[in-house]
Amino acid sequence: MLNPFIDLINNVISLINLALMVWIVLGLLVHFDIVNRYNPLVNRVYAALSQFFEPMLRPIRRWLARLLPNMNGLDLSPVLFLLLLHFIRNALYSWFYAI
C-alpha cells in the first residue's frame with residue numbers, strides 16, 4: 001500500500017532539487033555575465049533562492065571548511081546537499097516500502 005505522506009515528502013524533495021538546480025545554473029550564468037544581474041526578475045529570483053538555500057548550505061560549508069580547508073573558492077556544499085536529499089528520499093522509500 002502506498003503511503004501518501006511519503007509521496008508528499010518525495011514531491012517536496014523533488015521541488016527542492018529543482019529549485020537548487022535553478023539557483024546553481026542562475027548563479028553560474030550571473031557569474032559569467034551571460035545573464036544581466038541588474039535585471040529585476042533575475043535579481044528577485046536569485047535573491048529569493050539565495051535566502052532559501054543559504055541557511056541550509058551554511059552548516060555544510062562549515063563542515064567542509066574543517067574537512068577540506070583550502071578549496072580555492074570551489075563550493076561543494078550544493079552537491080553534498082543534493083546527495084543528502086537523494087539519500088533521504090531513498091532511505092524513506094526503502095524503509096517504508098520494504099517487502
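The values are calculated or read from the model by the stated rules, or taken from the named source; none is laboratory data. As the structure is a prediction and not an experimental result, all values here were calculated from the model. As a convention, Cβ positions derive from the backbone with ideal geometry for all residues, glycine included, and neighbour counts pool all protein chains shown.
Being among the β-branched types (Val, Ile, Thr), in contact with a helix residue (DSSP H, G or I) (Cβ under 9 Å, 6 or more places away or on another chain) and at pLDDT 95 or above: is that true of Val12 here?
Values: among the β-branched types (Val, Ile, Thr): yes; in contact with a helix residue (DSSP H, G or I) (Cβ under 9 Å, 6 or more places away or on another chain): no; at pLDDT 95 or above: yes.
No; evaluated as a whole, the condition is false for this residue.
Being assigned to a helix (DSSP H, G or I), within 16 Å of the chain's Cα centre (by Cα) and closer than 25 Å to Ser94 by Cα holds for only one residue in Leu28, Leu20, Leu57, Leu8, and it is Leu20. Please find, within the range 60-78, the residue that is farthest from Asn11 (Cα to Cα) out of those that are in contact with a helix residue (DSSP H, G or I) (Cβ under 7 Å, 6 or more places away or on another chain) and in a helix (DSSP H, G or I). Restricting to residues being in contact with a helix residue (DSSP H, G or I) (Cβ under 7 Å, 6 or more places away or on another chain) and in a helix (DSSP H, G or I), the top hit is Leu64.
If you take the residues in the range 79-99 that are among the β-branched types (Val, Ile, Thr) and in a helix (DSSP H, G or I), which one is farthest from Phe53 (Cα to Cα)? Steps first, please.
Looking only at the range 79-99, we keep the residues that are among the β-branched types (Val, Ile, Thr), and these are 79, 88, 99.
Subsequent filtering for residues that are in a helix (DSSP H, G or I) retains 79, 88.
Details: Val79: 12, Ile88: 17 Å.
Only one residue tops the list, namely Ile88.
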